[in-house]
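Peer 1: Please see the structure below; I have some questions.
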Amino acid sequence: MTTSNEMLQISLPRIGDKAPSFEAVTTQGNIKFPEDYKGKWVILFSHPADFTPVCTSEFMTFAHMEEDFRKMNTALVGLSVDGLYSHIAWLRTIKDKIEFRGWKNVEVKFPLIEDITMNVAKMYGMIQPNESSTKAVRAVFFIDPKGIIRAMIYYPLSLGRNFEELKRVIRGLQTADKFSVAMPADWEPGEDVIVPPANSCGVAADRMAGKEEGLYCKDWFFCMKPLKKEELELV
Ligand code: BEZ
């Protein structure tokens with residue numbers, strides 16, 4: 001028996017995988033992904049459909065925050081299984097008519113991929129048939145400057161994303177890479193970070209004895225250190 005997943009040829013890229021390559025038509029011209037974004041972080045995200053209210057609020061929020069992401073060397077790329085002319089008409093309507101949280105005349109300047117064939121959406125596991133077989137879920141892929149998938153978050157159709165969290169994920173991944181540390185629960189820039197456990201007993205003992213400068217340990221496996229916001233100076 002063929003399941004609906006097999007019929008849709010679902011593949012789910014995983015953390016650590018190379019981002020699947022594709023070429024696509026977007027509202028900002030053609031793109032070759034992820035090759036065109038080499039050297040940049042990218043948030044590749046899908047939305048269920050143009051001309052829908054939750055998606056509209058999300059696009060306005062992303063457009064409002066685009067400069068914040070740009071400062072973090074992060075490009076935004078959207079996708080839905082609608083066609084290019086639908087995308088263009090929807091983005092024009094947003095600019096001309098929609099006000100949300102006091103934002104007006106909002107122009108979406110990042111590319112929005114047309115994917116009427118669902119080729120890209122299927123490749124990235126954005127079509128999740130038990131939620132919808134005709135619309136993409138709200139998927140978010142965080143891709144690093146080498147084209148590796150570093151994190152992903154999926155939301156259902158009914159729940160708009162938390163954009164501060166998307167920013168926090170980028171900040172957290174960039175900080176982890178730059179300082180070889182890990183981020184504790186709910187970490188925000190400026191808060192103490194986790195120092196990975198020592199790989200030798202001697203180092204662990206020195207840390208516990210307070211001999212390693214700049215960090216403090218609660219036990220051999222739980223050491224932290226301050227990392228000031230100003231030190232981050234990311235990317
Ligand atoms: C929305 O964006 O409002 C939406 C899209 C698809 C299904 C439900 C809500």
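The values are calculated or read from the model by the stated rules, or taken from the named source; none is laboratory data. No experiment lies behind these values; they were computed from the predicted model shown. Neighbour counts are summed over all protein chains in view; Cβ atoms, including those assigned to glycine, are modelled from backbone coordinates with ideal geometry. Protein only, heavy atoms only, side chains kept; ligands, DNA and RNA dropped before computing areas. Shrake-Rupley method; radii C 1.70, N 1.55, O 1.52, S 1.80 Å.
Peer 1: Working only within segment 42-68, note down all residues that are away from the ligand (no atom under 16 Å from the Cβ) and surrounded by 21 or more Cβ atoms within 10 Å (Cβ to Cβ).
Peer 2: Of everything in segment 42-68, those that are away from the ligand (no atom under 16 Å from the Cβ) and surrounded by 21 or more Cβ atoms within 10 Å (Cβ to Cβ) turn out to be V42, I43, L44.
Peer 1: Please state which of the following conditions H87 fails to meet, knowing it meets all the rest: (1) in contact (Cβ under 8 Å) with a residue 24 or more places away in the chain; (2) out of contact with any Phe, Trp or Tyr (no Cβ under 9 Å at 6 or more places or on another chain); (3) open to solvent by 30 Å² or more (accessible area, probe 1.4 Å); (4) in a helix (DSSP H, G or I).
Peer 2: The failed condition is (3).
Peer 1: Only one of T74, T93, T117 is within 13 Å of S57 (Cα to Cα) and of a type in the set (S, T, Y). Can you tell me which?
Peer 2: T93
Peer 1: Looking for whichever is within 16 Å of the ligand (Cβ to nearest atom), out of contact with any His (no Cβ under 9 Å at 6 or more places or on another chain), open to solvent by less than 50 Å² (accessible area, probe 1.4 Å) and not small (G, A, S) here; the options are M118, M72. Which one fits?
Peer 2: On the way: M72 fails: within 16 Å of the ligand (Cβ to nearest atom).
Of M118, M72, the one residue that is within 16 Å of the ligand (Cβ to nearest atom), out of contact with any His (no Cβ under 9 Å at 6 or more places or on another chain), open to solvent by less than 50 Å² (accessible area, probe 1.4 Å) and not small (G, A, S) is M118.
Peer 1: I'd like to verify a number: residues in segment 103-133 that are aromatic (F, W, Y) and part of a loop (DSSP other than H, G, I, E, B), how many? Steps first, answer last, please.
Peer 2: Keep residues of segment 103-133 that are aromatic (F, W, Y), which gives 103, 110, 124.
Still in the running and part of a loop (DSSP other than H, G, I, E, B): 110, 124.
Within segment 103-133, residues that are aromatic (F, W, Y) and part of a loop (DSSP other than H, G, I, E, B) number 2.
Peer 1: Go through segment 195-235 and count every residue that is of a type in the set (V, I, T), more than 23 Å from A185 (Cβ to Cβ) and surrounded by 15 or more Cβ atoms within 10 Å (Cβ to Cβ).
Peer 2: 1
Peer 1: I would also like to ask the following. Please determine, by comparing only the residues of segment 23-75 that are assigned to a strand (DSSP E or B) and hydroxyl-bearing (S, T, Y), which one is nearest to V108 (Cα to Cα).
Peer 2: Across segment 23-75, the extreme among qualifying residues is T27.
Peer 1: What number of residues within segment 135-155 satisfy the criterion of being over 12 Å from Y124 (Cα atoms), within 16 Å of the ligand (Cβ to nearest atom) and open to solvent by 50 Å² or more (accessible area, probe 1.4 Å)?
Peer 2: The qualifying residues number 1.
Peer 1: Now a separate question. Within segment 162-185, is even one residue free of Cβ contacts under 8 Å to residues at least 12 places away in the same chain, over 21 Å from I143 (Cβ atoms) and surrounded by fewer than 17 Cβ atoms within 10 Å (Cβ to Cβ)?
Peer 2: yes
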